[in-house]
Amino acid sequence: MPQVWQTIPIARFAVYGHQVPVSLRQDYPDQRIEWGSFVANLADLHSQAAVFIAPLRHGGGSKLKVLEAMAAGLPIVATGEALSGLRLEGIEACVRGDNAKTLADGIVYCLTNPTQAEQLGETARTWVKSQHDWKSVAANLEAVYKGYCS
């Protein structure tokens, strides 16, 4: 965010999660950072956001938070690791960056180009609906079952 703040000093950064270390609040006391914990309804948080940032450096677990943000129509700025396994090749639904500078550039791009950011978010929402909607997931699972039962 320091790189983002060089261009957009009023940008706010919200950090939410079930186990956000208390020490981070102490290490980064900037008033532009909003610290939170578990969120019962992500739609409320998503509705207040302009962009979703996923700067993951290590794999593991599912990509549900990224998929949820995509379903909410948010433009995504993420590392390749955060997007790994989602099969987004050829889909312009996210801004990718694998270091602080490229992530910051992606955030600045989304915040200063709202029309393009909105298009990224809409592409992300459309992709999630086509690939991860319950109907499409059920159809894929049914095809697998039919393949085993034939």
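Sort 45-52, 127-134, 91-98 for me by packing, meaning the mean count of neighbouring Cβ atoms within 10 Å per residue, highest on top.
91-98, 45-52, 127-134
Going by amide H atoms built from the backbone, whose H comes under 5 Å of the H on Ala14, apart from near neighbours?
Answer set, sorted by chain and number: Glu34.
May I ask for the net charge around Leu120, where only other residues with Cβ less than 12 Å from the Cβ of Leu120 are counted and Lys, Arg are +1 while Asp, Glu are -1?
-1
Along each of its three principal axes, how wide is the spread of alpha-carbon positions in the chain, in whole angstrom units, largest first?
Largest first, the chain extends 60, 33, 27 Å along its Cα principal axes.
Given the options Ala117, Ala43, Ala72, which has the most mean-square fluctuation in a GNM of the chain, springs set between C-alpha atoms less than 10 angstrom apart?
Between Ala117, Ala43, Ala72, it is Ala43 that shows the largest mean-square fluctuation.
Could you work out how much longer the chain between Asp30 and Thr126 gets when fully extended? Use 0.36 nm per residue separation minus the Cα distance between them, nm to one decimal.
31.0 nm
Give the separation of the Cα centroids, region 28-48 to region 106-142, in Å.
Cα centroid to Cα centroid, the span is 21 Å.
By per-residue mean of other Cβ atoms within 10 Å, what is the highest-first order of 73-84, 27-38?
73-84, 27-38
Can you pull a Stokes-Einstein diffusion coefficient for region 15-74 at 37 °C (0.692 mPa s), Rh from Kirkwood over Cα pairs, as a whole number of µm²/s?
Stokes-Einstein gives a translational diffusion coefficient of 253 µm²/s.
Pairs of Cα atoms under 8 Å, at least six residues apart: use those to get the relative contact order of the chain, whole percent.
The value is 21 percent.
Name the residue from Pro75, His58, Gln26 whose Cα lies farthest towards the positive end of the charge dipole of the chain, charges +1 on Cβ of Lys and Arg and -1 on Cβ of Asp and Glu.
Value: His58.
Bear in mind that the values in this text are calculations on the coordinates, not laboratory data. It should be emphasised that the depicted structure is a prediction, and the values quoted were computed from it without experimental measurement. Every residue, glycine among them, receives a Cβ derived from its backbone with ideal geometry; neighbour counts consider all protein chains shown.
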